[in-house]
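*Asks:* One structure coming up, written as structure tokens, with questions to follow.
The values are calculated or read from the model by the stated rules, or taken from the named source; none is laboratory data. Worth saying up front: this structure is predicted, and the values here are computed from it rather than measured. In this analysis, Cβ positions are derived from the backbone assuming ideal geometry, glycine residues included, and neighbour counts consider all displayed protein chains. Surface accessibility is based on the protein's heavy atoms, side chains included, excluding ligands, DNA and RNA. Shrake-Rupley method; radii C 1.70, N 1.55, O 1.52, S 1.80 Å.
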Amino acid sequence: MLQQLHVQRRLLPGPSGVREQALAPDGTLLDDFIVDGQGGVLHARNAPSPVATSSLAIADMIASTAEKQFGIA
């Protein structure tokens, strides 16, 4: 049997969140993701949310970068 959700009693107001934003050396905001690395490590930086990091297009970009950096065929 399904129970009815009483949203008014289960959700409480909370403080607003703060998200960091990557900046270029000249102080301009960087767009979306920065995928780079060195040695055996690949970094995906400036990921704005878990939803964005689960995007198939972004996964493809990260996989392509890893293939080039690590010589994966």
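*Asks:* List, please: which pairs have Cβ atoms under 8 Å, are six or more places apart or on different chains, and start with a residue in region 58-73 that is more than 15 Å from Phe33 (Cβ to Cβ) and end with one that is part of a helix (DSSP H, G or I) and open to solvent by less than 60 Å² (accessible area, probe 1.4 Å)?
*Replies:* As it stands, the answer is Ile72/Ala66, since those pairs meet every condition given.
*Asks:* So, one more: State all residues of region 21-69 that are touching a Leu at 6+ places or on another chain (Cβ under 8 Å) and either modelled with pLDDT of 90 or more or outside any strand (DSSP E or B) (or both); if no residue qualifies, say none. Please lay out each step first, then the result.
*Replies:* Going through region 21-69, the residues touching a Leu at 6+ places or on another chain (Cβ under 8 Å) turn out to be 21-24, 29-30, 35-36, 46, 62, 65-66, 69.
Passing the criteria: Gln21, Ala22, Ala24, Leu30, Asn46, Ile62, Thr65, Ala66, Gln69.
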